[in-house]
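The values are calculated or read from the model by the stated rules, or taken from the named source; none is laboratory data. Note that the structure is predicted; figures quoted are calculated from it, not measured. In this analysis, Cβ positions are derived from the backbone assuming ideal geometry, glycine residues included, and neighbour counts consider all displayed protein chains.
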């Protein structure tokens, strides 16, 4: 599996294949000397093949072989590692996760830091730095964002610029533009979205293409919304049961939008509900269109949000909805009942 070749756009990443049990290690297939480009440097395409070979090695249970392939690529001189930031970024991203899995936290952070676009630009020859600029396509932007977040090198200014870029990307769609405007996202949310346990796990799966193409492209907005709620409702540290309910709400609601079981209008209504609108323009407009397994978790999350906004009566109504929709004896039902007991308004 690969996200594309030098000089070309990267298509949707396919699910990662796995070797046949008992078969030869596929990452050992390429044994001839690397071919050379006309200028005598290693052929860029051949060298880039080491990146998907590293993924295959990791899938075969050979992390050392995977890291060796990445190191071979990253040590390649010339235009292989100076003209294609997208490939350099994914190689450093993977290397960081291999270091982390080996228990080398410092090595992981160093790899992720080395993969950020400013670090890439600093390593360029002087004649190339001027044209390096900033990441130029969505893959480069995404990889740089993950690397900067994971390495802790993203500033609030960088995070604000990244969020503005996300808003600009949907600015031509009036409903989606209203949706992102209805949900203000502060810089710490963008900066830390890949640093939570869940965000980090998904970043690792994305790096190794260990998920479906659909889930690959859904993960960034889902992690962003998840981190926003963690930041606003739980100061970044929800109880494990609360964390699971929050993730259920984000994934189930967003998947209905992605799968066109709900329209952009309902997404906007949900965004307005987050801002405190409970009438037909907000929660009352979208709730009847949700199945119980989605409405329940989202009612709980929005109930917490409304209580924080100083709307205890409306919050209590949503907690009651969560209790009604939750499976009997489930963590969701218990959490919602606890909120009803804590409410300022007695039953």
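Here are a few things to note about the model shown:
- Helices (runs of 4 or more DSSP H) lying entirely in segment 240-346 (those with 3 or more residues that are under 26 Å from the mean Cα position of the chain (by Cα) and closer than 17 Å to residue 222 by Cα): 240-258, 264-274, 292-308
- One residue alone among 202, 209 is at pLDDT 95 or above, crowded, with 19+ Cβ neighbours inside 10 Å and either in contact with a strand residue (DSSP E or B) (Cβ under 9 Å, 6 or more places away or on another chain) or part of a loop (DSSP other than H, G, I, E, B) (or both), and that residue is 209.
- Those residues of segment 168-182 which are modelled with pLDDT under 75 and either assigned to a loop (DSSP other than H, G, I, E, B) or surrounded by fewer than 15 Cβ atoms within 10 Å (Cβ to Cβ) (or both), in sequence order: 169, 170, 171, 175
- Selection within segment 122-149 - part of a helix (DSSP H, G or I) and crowded, with 16+ Cβ neighbours inside 10 Å: 132, 139, 140, 141, 142, 143, 144, 145, 146, 147, 148, 149
- When residue 236 is tested against (1) free of Cβ contacts under 8 Å to residues at least 40 places away in the same chain; (2) part of a loop (DSSP other than H, G, I, E, B), only condition (1) is not met.
- Test set (1) touching a helix residue (DSSP H, G or I) at 6+ places or on another chain (Cβ under 7 Å); (2) closer than 30 Å to residue 66 by Cα - residue 185 fails condition number: (2)
- Screening the candidates 133, 152 for the property of being on the phi > 0 side of the Ramachandran plot and without any contact (Cβ under 8 Å) to a residue 40 or more places away in the chain yields one hit, 133.
- Here the condition is being surrounded by 21 or more Cβ atoms within 10 Å (Cβ to Cβ), farther than 23 Å from residue 184 by Cβ and touching a helix residue (DSSP H, G or I) at 6+ places or on another chain (Cβ under 6 Å); of 336, 292, it holds for 336 alone.
- Among the numbered conditions (1) crowded, with 16+ Cβ neighbours inside 10 Å; (2) under 19 Å from the mean Cα position of the chain (by Cα); (3) within 28 Å of residue 61 (Cα to Cα), the only one that residue 185 does not meet is (3).
Residue-by-condition table, conditions (1) farther than 21 Å from residue 230 by Cβ; (2) touching a helix residue (DSSP H, G or I) at 6+ places or on another chain (Cβ under 9 Å); (3) surrounded by fewer than 19 Cβ atoms within 10 Å (Cβ to Cβ):
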site	(1), (2), (3)
245	no, yes, no
263	yes, yes, yes
273	no, yes, no
276	no, yes, yes
282	yes, yes, no
306	no, yes, no
317	yes, yes, yes
320	yes, yes, yes
331	no, yes, yes
